[in-house]
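This report concerns only the one structure given below.
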Amino acid sequence: MEARIDKIKQQLQAQGYKLTPQREATVFVLLANEDDHLSAEDVFLLVKEKAPEIGLATVYRTLELLHELHVVEKLNFGDGVARYDLRADNSKHHHHHLICTECGSVDEIKEDWLLPLEERLEKEYGFAVDDHRLDFQGICHRCKP
Ligand SMILES: [Zn+2]
Ligand SMILES: [Zn+2]
Ligand SMILES: [Zn+2]
């Protein structure tokens, strides 16, 4: 956890931003709930437990900043709510999602399954992939009859 916070701190510093205590509290919540896909409001409520003085606007601005710096990804799973998703440390590209249309759960595939496609795109279209999104909608194993 410490190492990841340090890394994010460096990412911010490289762009001329400081990891203020409010920003750190927000990053901490994102790291502690890494497998979830929290909305700004969810993050705010969790940050507030540790730092009651913090406002929703501050949390929101921090999330937007982290998004600009590619620390988090901003997602919309079709319910109209923007959700923030921490990018994995070790992979260059965004992970994939399995979105259950029954229970609304969102599971993650951490491996990059698109590498073979990326190679084809490079070869056949001369296109260098920077990033991608791949979300699947369906019925999860918990909801399958
Ligand atoms: Zn995710
Ligand atoms: Zn990829
Ligand atoms: Zn389900």
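Residues in the range 43-55: is at least one in contact with a strand residue (DSSP E or B) (Cβ under 7 Å, 6 or more places away or on another chain), over 30 Å from GLU118 (Cβ atoms) and not in a loop (DSSP other than H, G, I, E, B)? Yes.
Within the range 52-75, count every residue that is under 11 Å from VAL29 (Cβ atoms) and at pLDDT below 90. If you could, list the steps in order and put the result at the bottom.
Of all residues in the range 52-75, those under 11 Å from VAL29 (Cβ atoms) come to 54, 59, 62-63.
Applying the additional criterion that residues be at pLDDT below 90 yields none.
Here the count works out to 0.
Is it the case that the range 11-31 has a residue that's in contact (Cβ under 8 Å) with a residue 60 or more places away in the chain and within 16 Å of ligand 3 (Cβ to nearest atom)? Checking the range 11-31: not a single residue is in contact (Cβ under 8 Å) with a residue 60 or more places away in the chain and within 16 Å of ligand 3 (Cβ to nearest atom). Checking LEU98, LEU65 one by one, the residue that is within 22 Å of THR20 (Cα to Cα) and either more than 14 Å from ligand 2 (Cβ to nearest atom) or not in a helix (DSSP H, G or I) (or both) is LEU65 and no other. Screening GLU102 against (1) more than 25 Å from HIS132 (Cα to Cα); (2) not assigned by TED's automatic domain parsing to the domain that holds LYS144 leaves a single unmet condition, (2).
The values are calculated or read from the model by the stated rules, or taken from the named source; none is laboratory data. For clarity, every value in this text was computed on a predicted model and none was experimentally measured. Note that we place each Cβ from the backbone using ideal geometry, even for glycine, and neighbour counts take in every protein chain shown.
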